[in-house]
Amino acid sequence: MRVTLDPVLTQARSREVRSVVDTVVEWAAERAEVRGVLVVGSWARGTARMDSDVDVVVLTGNVHYSAAGVWTGLLGGEMVRSAEWGPLREIRVRRPSGLVVEIGVTPVSWADTDPVDAGTHRVIDDGHRVVHDPAGVLARLSAACEPERRYPGLRP
């Protein structure tokens, strides 16, 4: 017998994701070396389902924050995977509820806009929501990825 999750998003899951994002933002706000936090993917696009993970990108020059223990301690749960994607270190944490949180810790240069890296562009184009941006780094990246900026005179 195969068990699948109901794809309909529950209010409890939505509250849990908001709580996770709020926790990361509060943590980031206490650390000057964290230059930005954004949510990307299905939760940012508003297309999340019950089986969707929540993807969070953290911009920082502090490599200590790419340690799994930072995130399992902050968010609860266990690390289920880590991987390197260019400069981005991915840490996946499964919370007791089953929600998987994918934290991508990356240098601030990931958000450079002159030019925007092709991989960064794909992530931003796939859906993003800036949740912590004390110096405007992510606002500049978001603006640089707008279709009007890439293709002047054309509207999507």
Quick one: 3J(HN,Hα) in Hz for the stretch 84-96, Karplus 6.51/-1.76/1.60 with θ = phi - 60°, rounded, Gly and Pro as x.
10, 10, x, x, 8, 9, 8, 10, 9, 10, 9, 7, x
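How do 27, 71 rank when sorted from fewest to most other Cβ atoms within 10 Å of their own Cβ? The partial results should precede the final answer.
Numbers: 27 18, 71 25.
Fewest-to-most Cβ neighbours within 10 Å comes out as 27, 71.
Assigning unit charges at the beta carbon (Lys, Arg +1; Asp, Glu -1) and nothing else, what dipole magnitude in debye, to the nearest 20, does the chain show about its Cα centre? Don't jump to the answer; show the numbers that get you there.
Values: 19 positive and 21 negative charges, 73 e Å.
Using only the charged Cβ atoms, the result is roughly 340 debye.
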How long is the chain along each principal axis, judged by its Cα atoms, biggest number first, in Å?
53, 36, 25
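Counting trypsin sites (Lys or Arg not before Pro) as exposed when in a DSSP loop with at most 16 other beta carbons within 10 Å, what is the longest stretch of the chain free of them?
Result for the longest clean stretch: 50-156.
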With only helices counted (DSSP H, runs n ≥ 4, each -39500 (n - 2.57)), the per-residue ellipticity at 222 nm for the chain, to the nearest 500, works out to -9000 deg cm²/dmol
How would 47, 113 line up from fewest to most surrounding beta-carbon atoms within 10 angstrom?
47, 113
Residue 132 long-range amide H proximity, modeled H, under 5 Å
37
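Read the figures in this text as sums done on the coordinates, not as results from a lab. The model shown is predicted, which means the values in this text are computed figures rather than measured ones. All Cβ positions, even for glycine, are placed from backbone atoms using ideal geometry, and neighbour counts span all protein chains on display.
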